[in-house]
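Structure, as structure tokens:
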Amino acid sequence: MNFSELIKDRYSVRKYKDKPVPEDILDRIIEAGMYAPTACNNQPQKIYVAKSKEAIDRLKECSPCIFDAPLVMVIGYDKTRSWQNSRMPGYESGETDASIVTTHMMLAAWNEGIGSCWVGVFNADDVAAALGLPENIRVTALMPMGYADMEAGPRHSQYREREDIVAEI
């Protein structure tokens, strides 16, 4: 499938088969996140892979949107590595960088036949505490992943028109 088809085909999976993701596929998905662009190439991203029942159960306590996936990526960034914008005091690139990383992994997963769902329904401090993450790590996304149960297809199929989104200036 070419890239245009891939991005049109991908949808948020909310029901998974009880089947583990093979390590070689997981490695390729993580590699996509490693090669994602980041501000000044500071690479502040931090990716945690929750596969154990205990870790996933802790995440279920933090979010109702784990969907019984066989693994959950917890994506965030290291605040000490995040680029600071001198022209906009207080702005750091970490959340944007982590979002780009998440997108790369989400699309790489779909390319490998693995479904995912970008989840933002959680409290970052609660997730960090539940997983025992260091204070310098800020969690930005949870991403349940696995083989899609075909009973759960896409929820969204309507998109705004280009003219409603794009403006020339």
Quiz prompt | Tally of residues being modelled with pLDDT of 95 or more, in a loop (DSSP other than H, G, I, E, B) and of a type in the set (D, E, K, R) across the range 105-164 | solution = 2
Quiz item: Only one of (1) closer than 13 Å to Val139 by Cβ; (2) surrounded by 20 or more Cβ atoms within 10 Å (Cβ to Cβ); (3) touching a residue at least 60 places away in the same chain (Cβ under 8 Å) fails for Ala109. Which number is that?
Solution: (1)
Quiz item: If you go through the range 55-76, how many residues are part of a helix (DSSP H, G or I) and farther than 25 Å from Glu31 by Cα?
Solution: 5
Practice problem: Look through the range 17-36, keep the residues that are over 15 Å from the mean Cα position of the chain (by Cα) and in contact (Cβ under 8 Å) with a residue 24 or more places away in the chain, and return whichever of them is farthest from Leu107 (Cα to Cα). | Solution: Asp18
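Let me confirm something: among Val127, Val121, which residue is surrounded by fewer than 19 Cβ atoms within 10 Å (Cβ to Cβ), touching a residue at least 24 places away in the same chain (Cβ under 8 Å) and of a type in the set (Val, Ile, Thr)?
Values: Val127 fails: surrounded by fewer than 19 Cβ atoms within 10 Å (Cβ to Cβ).
Testing whether each residue is surrounded by fewer than 19 Cβ atoms within 10 Å (Cβ to Cβ), touching a residue at least 24 places away in the same chain (Cβ under 8 Å) and of a type in the set (Val, Ile, Thr) leaves just Val121.
The values are calculated or read from the model by the stated rules, or taken from the named source; none is laboratory data. This one's a predicted model, so the numbers in the text were calculated from it and none came from an experiment. Positions of Cβ are generated from backbone atoms using ideal geometry, with glycine treated the same way; all protein chains shown enter the neighbour counts.
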